[in-house]
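Only one structure is covered here, and it is reproduced in the block below.
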Amino acid sequence: MNKIERILASVRHEWVDRVPMGEFYLEDGFVTELLGLKEKVQFKDRVEACEQCGLDALAFSAFSSYYSRECQAPVWDGLKQWRKETDFFIFAIIDGPFQGTAKHFPSFSEFLMAIAKRDPIILEIAAKVAATNMQLGQEALKLGANGLIIADDIAYQRGTFISPNDLREYFFPRLMDQVKTLQAQNSPIFFHADGNIIPVLTDIMESGVNGIHSLDFSSLADLADVKKASKSSLCLMGGYDLTWFSEENRMEKAAELLAVASGGGGYIFGSSAGILGSELPAKQVADVYQYVSKLGNPYDVHSSWSRFGF
């Protein structure tokens, strides 16, 4: 299977030859350390680093795409180059209504205060944000993006930043608008949020998204609950804590995560952050990804997965 086929099969909970893997991007320092570079990181170096890690999917943000940082080019310019010159599955990242609306306020605390005061400006801004995001998403898909990630950091470890009821009143209807409009292009849409989203998992599923990224939960038990609740309706992506890459039992951590998240398919391995930063031990990170890639697929009883009970 090629990279795009592997990701799409996982989204559909179909057979894959191995567990697909994806990250948003790799920082310069990470690429430099992994490849032992002495000069500035070039496009070909980024491609090589992604290949060494065995990645299938990458992601790009509008306006500030990491992969087009060298030039102040039009929106999605970096995406176009990677679509044209590589075979990776390309996600385009757009804001969700909560995160996008928050950016219109001088501070996050003022944004939260406006919600607490039931300021009608919240609904007005959220509608405009959703319209802008739908346009950006449509442009990205026309330029060759294979899928979209709606980034909406609505939560932290203890729960959502605002009550689930306020999310349902102000933001989830606009999230549903974004998904409904953009899914008309028949491309998978993932929802990204850090923290504990379990209190609103049903709402996220009802929005119509095809997957969830981050899986930044406090325990694998929480992840198991999400896997059970989502059944075959969602593809899960991420879940590997960045701190694990530096631990001696990093391979065991990967195996434990896979045993919970990959049962029955529908999983893309990656970090919960989506960013492989300069502070990470690049060789150890690559070793973890290569370890996962050699396990085979979770459907083949003759693969290495058999020792995990599949």
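One table, with the values for the structure above:
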item: The listed residue being touching a Lys or Arg at 6+ places or on another chain (Cβ under 9 Å), surrounded by fewer than 23 Cβ atoms within 10 Å (Cβ to Cβ) and under 16 Å from Val285 (Cβ atoms), out of Leu26, Leu34; result: Leu34
item: Within the stretch 82-113, tally of residues that are of a type in the set (D, E, K, R) and part of a strand (DSSP E or B); result: 1
item: Residue in the stretch 186-205 that is assigned to a loop (DSSP other than H, G, I, E, B) and of a type in the set (Ser, Thr, Tyr) present; result: yes
item: Selection from the stretch 118-140 of residues that are assigned to a loop (DSSP other than H, G, I, E, B) and either farther than 25 Å from Gly195 by Cα or aromatic (Phe, Trp, Tyr) (or both); result: Asp119, Pro120
item: Filter result for the condition that a residue is polar (S, T, N, Q) and over 18 Å from the mean Cα position of the chain (by Cα), over Ser262, Ser278, Ser230; result: Ser278
item: Search result, residues across the stretch 33-45 that are touching a helix residue (DSSP H, G or I) at 6+ places or on another chain (Cβ under 8 Å), farther than 19 Å from Val288 by Cβ and part of a helix (DSSP H, G or I); result: Phe43, Asp45
item: Ala9 surrounded by fewer than 21 Cβ atoms within 10 Å (Cβ to Cβ) and over 16 Å from Tyr240 (Cβ atoms); result: yes
item: Among (1) part of a helix (DSSP H, G or I); (2) at pLDDT below 95; (3) farther than 20 Å from Gly147 by Cα; (4) of a type in the set (A, V, I, L, M, F, W, C), the one test that Leu79 misses; result: (3)
item: Candidate set from the stretch 141-160 (those that are part of a loop (DSSP other than H, G, I, E, B) and without any contact (Cβ under 8 Å) to a residue 60 or more places away in the chain); member that is nearest to Val200 (Cα to Cα); result: Ile154
item: Neighbours by Cβ (under 7 Å, 6+ apart or cross-chain): first from the stretch 37-52, on the phi < 0 side of the Ramachandran plot and without any contact (Cβ under 8 Å) to a residue 60 or more places away in the chain; second among the aromatic types (Phe, Trp, Tyr) and outside any helix (DSSP H, G or I); result: Cys50/Phe88
item: Residue match in the stretch 236-254 (condition: in contact with a Lys or Arg (Cβ under 6 Å, 6 or more places away or on another chain) and surrounded by 15 or more Cβ atoms within 10 Å (Cβ to Cβ)); result: yes
item: Lone unmet requirement of (1) surrounded by fewer than 17 Cβ atoms within 10 Å (Cβ to Cβ); (2) touching a helix residue (DSSP H, G or I) at 6+ places or on another chain (Cβ under 7 Å); (3) at pLDDT below 95; (4) not hydroxyl-bearing (Ser, Thr, Tyr) for Leu201; result: (3)
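Per-residue answers, yes or no, for (1) within 17 Å of the chain's Cα centre (by Cα); (2) assigned to a loop (DSSP other than H, G, I, E, B); (3) within 24 Å of Gly96 (Cα to Cα):
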position	(1), (2), (3)
His213	yes, no, yes
Thr243	no, no, no
Glu248	no, yes, no
Met251	no, no, no
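The values are calculated or read from the model by the stated rules, or taken from the named source; none is laboratory data. Treat the numbers as computed from the prediction; the structure is a model and nothing was measured. Using ideal geometry, Cβ is built from the backbone for each residue, glycine included, and neighbour counts are taken over all protein chains shown.
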